[in-house]
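To start, the structure under review is shown below, and the notes come after it.
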Amino acid sequence: MAYVKWTFRILVLLILAAFLHYTLPQRDIVRIVNTYEERQDFSDLGFTRMFWKNTSDADAMARDRDVLFIQTVKANGRPMVYRNQDTGWGWPPYSKFDTANLQTEAADLVSTREAPKWAVVTHYGWRSELLSIFPNAVDIREIPGPDTRIIPWSNIVILTVLAALAVWIAILWRRFRARRIDPVLDEASEAWDNLDKLDDKARGRVWYYW
């Protein structure tokens, strides 16, 4: 039984960690090499279609639509491609409505290897070549160079608040359990013990008269 409990807890923690990793903002230091627009066919994507969710219900139901992309190269030379789509008032709660402006800012920062311009791209989501999904860029700003230190203050604040909330809920749960659940379990256990004793006495009497 203990193995089942720990397996369930670990599974819940993994799901929560994956959810936070996908949803919370991440920042990459990159050099933008190109921006473009491409028609995407979503009819055969299956469950990965949810990673392409857009603001418009009409777009969400469409078999295909135009999507903006930003091609970049990281400081270590690895390529990274971002999609550029509005989030609107939906989830994740970035309230992004400036797709066209962001694409323009990205195009303005396009540079070459010989004369690089470095930028930090804030995004959420994952990049998977196997699943054909891309992280969604939500902000771009120019920085002096690839060694610029980026401190994720928003993530620090959000994770701190979530940790404090988890501790508060755990304390409330323990108090509720101590006041409401444990007494009921103790009474049930005591009643079961009393029934067990009565059963033993009854069996003893039967064997005595037998």
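The values are calculated or read from the model by the stated rules, or taken from the named source; none is laboratory data. The shown structure was predicted, so the numbers you read here are calculated from the model rather than taken from an experiment. Counting neighbours? That spans all protein chains shown, and the Cβs are built from the backbone with ideal geometry, glycine included. Keep in mind that these areas ignore ligands, DNA and RNA; they rest on the heavy atoms of the full protein, side chains included. Shrake-Rupley method; radii C 1.70, N 1.55, O 1.52, S 1.80 Å.
For this structure, a couple of remarks:
- The Ala75 and Ser43 beta-carbon pair, evaluated with R₀ = 30 Å, returns a calculated FRET efficiency of approximately 0.20.
- Normalised contact order of the stretch 1-145, rounded percent, pairs of Cα under 8 Å and 6 or more residues apart: 27
- Cut-off 14 Å between beta-carbons: net charge of the residues surrounding Ile29, Lys and Arg +1, Asp and Glu -1: +3
- For the stretch 113-130, 3J(HN,Hα) per residue [Karplus equation, 6.51 cos²θ - 1.76 cosθ + 1.60, θ = phi - 60°, Hz, x = Gly/Pro]: 5, 6, 10, x, 10, 9, 9, 9, 9, 8, 8, 10, x, 10, 10, 9, 5, 5
- Karplus 3J(HN,Hα) series, Hz, for the stretch 158-164 with 6.51 cos²θ - 1.76 cosθ + 1.60 (x for Gly, Pro): 4, 5, 5, 5, 5, 5, 5
- Largest accessible area first, the listed residues His21, His123 line up as His21, His123 when surface is computed with a 1.4 Å probe on the assembled protein chains.
- Accessible surface of the stretch 64-195 [probe 1.4 Å, protein heavy atoms]: carbon and sulfur percent: 59
- Local net charge near Ile133, Cβ-Cβ under 13 Å (Lys/Arg +1, Asp/Glu -1): +3
- Cross-linked pairs Lys5/Lys74; Lys5/Lys53; Lys74/Lys96: Cα-Cα separations exceed 32 Å for Lys5/Lys74; Lys5/Lys53.
- Cut-off under 5 Å, modelled amide H: who pairs with Phe42 long-range: Asp64, Arg65
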